[in-house]
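What follows is one structure encoded as structure tokens, with my remarks underneath.
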Amino acid sequence: MAYVISDILKGLILYTPRQSFFYRLHPAVKLLLVLIMSISILITPSHTLAIFNLAIVISMVAVARTPAKALRLYTLVIGWMLFISFILYSFFTPVRSGPVVTTIGPLVVGLKNLLDWLLVALKFFAVSYLTALWLVTTKHRDLAVGLKTLKMPYVVSFVMASILRNLAVVSVDLFTIIDAQSSRGLDFKKGNLIARLAKFVRVGIPLIYVSLKRTEEMSNAIAARGFSMRGKKTNYYQIPMKTKDYAFIVFMVTHLVIMVAAALRLFDPTLASYGFPQLIAST
Amino acid sequence: MTSEARVVRKKSPATLVSLFIVSAAITAVLGAFGSIVFPFLAPISSFYPGVAFQVAFGVWFGLIGAIAGGWLGPFIGIILTGTSAPIAAAVAVGDFFQAFIPMLAFRAGRFDPRLKTSKDWVGHIVFNVILAQAVGATIGTGSLAAGGVFPWDVFPIAWLGWFVSNIVVVGVITTILFKVFSDYLMKTALYVEGYI
């Protein structure tokens, strides 16, 4: 059990080296991609545009040669979330308008509620794969370069890169402790909720101890290297922006402008009036 | 704090930055762990061990613990579970208050994290276990409903799920962490007595 979860966490957060166009994009552009495209995907008002967005993201994921393992893991996590969300949208949300799809005892399932859920699902799958794309194609030290390119203070870029680097370390610590306690006979599956919580303390205490020790070691290490928050910093590791990076920024901004215009109803977001087939009945 | 004489060492920027990094990394991993292993309505989990550490970090490490352990760590943890960055940022504001309110209350009310007197226990239960979790649940689940993860009609169910699981976790785990670590930590340079 612990091994599988450890694998999931490590799989979610690890850079996986590959050769593709997307890997060679400037890290600042990849960071902007996650931020800007997440916003433009979330404000998408129609199913048609949401399907287009998901298609764009899946195309990028395919072109980037994102490892299938990362996509599987994200599909699992986001799939579970959307399954629970589906139950809540379908059975626990009153039907206020539109036709009723089915009735199961006291539970009434409305078409509009299902379509609302579908829109959320399309958006969340797109954003989730976008996040996976960013995480597996960006090195931690490149994130620092990206933040620096976006004019973030040195301490911010240093701290963010260090946190990402430490995620894997803490994750390994956590599951090493869980495995060690399990091998001593501690069964996390037995007992009521309070008993299980008390058992988790046997994981939490060593985790804090190990982390405090690491904090002191890290503090000494960065102090020994002359760390200071102020002053101008120089960096031998730099990544120049290229034409393709600027082209990608233009693409992201254009995408955002189109989605904002759709959200403001400056054009028909269902695209029905432009001859596009109505994939989903009007909500 | 009590009137006992303690050696308070000056903290270097390196110590503060290291505290920030480790606090955020721990709560990020535990946040993702809770959402994946004990899912309720991701990123809300039925058992969220990270909140116990958020509260403890806020009380022990002041604003650094509240921001790193309360906001940045959960923000990264939520992103790792596949939720979008804007919604993760909004949900993490709820987590921030779960660390910020205990941090503020323990300093303003001069409660001792070693929980030695009945006053300390009352402060811990009222502010850490109940109030901070109620505020966090309201902001966190409200952000998810506003983001469309679930409809507003099921807000009370989600709120209750967040609140009840958190008060059990904080009531049990944070209490034990305080009793085990506070005394040791207060003798080291890592403990932040003031706000920063």
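Every condition in (1) closer than 27 Å to residue A:68 by Cβ; (2) more than 9 Å from chain B (Cβ to nearest Cβ); (3) touching a helix residue (DSSP H, G or I) at 6+ places or on another chain (Cβ under 6 Å) is met by residue A:118 except one, and the failing one is (3). Taking the criterion of being under 20 Å from residue B:89 (Cβ atoms) and facing another protein chain (nearest Cβ under 10 Å), the only residue of the range B:156-167 that qualifies is B:158. Among the candidates A:234, A:270, A:176, A:243, the residue that is more than 30 Å from the chain's Cα centre (by Cα) and of a type in the set (Val, Ile, Thr) is uniquely A:234. Of all residues in the range A:228-250, exactly one satisfies the criterion of being free of Cβ contacts under 8 Å to residues at least 12 places away in the same chain and surrounded by 13 or more Cβ atoms within 10 Å (Cβ to Cβ), namely A:228. Quick test of your reading of the structure: residue A:93 fulfils all but one of (1) modelled with pLDDT of 80 or more; (2) over 23 Å from residue A:273 (Cβ atoms); (3) in contact with a Pro (Cβ under 7 Å, 6 or more places away or on another chain). Name the failing condition by number. For residue A:93, the exception is condition (1).
The selection criterion, being touching a residue at least 24 places away in the same chain (Cβ under 8 Å) and more than 14 Å from residue B:170 (Cα to Cα), holds for residue B:90.
When the range A:193-225 is limited to residues that are more than 23 Å from residue B:179 (Cα to Cα) and more than 7 Å from every other protein chain (Cβ to nearest Cβ), the one that is surrounded by the most Cβ atoms within 10 Å (Cβ to Cβ) turns out to be A:220. Tell me whether the range B:114-123 contains one or more residues that are modelled with pLDDT under 95 and surrounded by 24 or more Cβ atoms within 10 Å (Cβ to Cβ). Among the residues of the range B:114-123, not one is modelled with pLDDT under 95 and surrounded by 24 or more Cβ atoms within 10 Å (Cβ to Cβ), which makes the answer no. In contact (Cβ under 8 Å) with a residue 24 or more places away in the chain, within 10 Å of another protein chain (Cβ to nearest Cβ) and more than 13 Å from the chain's Cα centre (by Cα): is that true of residue B:149 in this structure? Yes: the conditions hold for residue B:149. Filtering the range B:165-196 to residues that are out of contact with any helix residue (DSSP H, G or I) (no Cβ under 9 Å at 6 or more places or on another chain) and part of a helix (DSSP H, G or I) leaves B:179, B:183. Checked against (1) modelled with pLDDT under 80; (2) within 20 Å of residue B:149 (Cα to Cα), residue A:70 meets all criteria but (2).
Take the range B:111-158 and flag every residue that is touching a helix residue (DSSP H, G or I) at 6+ places or on another chain (Cβ under 6 Å), small (Gly, Ala, Ser) and under 26 Å from residue A:91 (Cα atoms). Within the range B:111-158, B:137, B:140, B:143, B:145, B:147, B:148, B:158 qualify.
The values are calculated or read from the model by the stated rules, or taken from the named source; none is laboratory data. Computed from a prediction, not measured in an experiment: that's the story for all the values here. All Cβ positions, glycine included, derive from the backbone under ideal geometry; neighbour counts span all protein chains shown.
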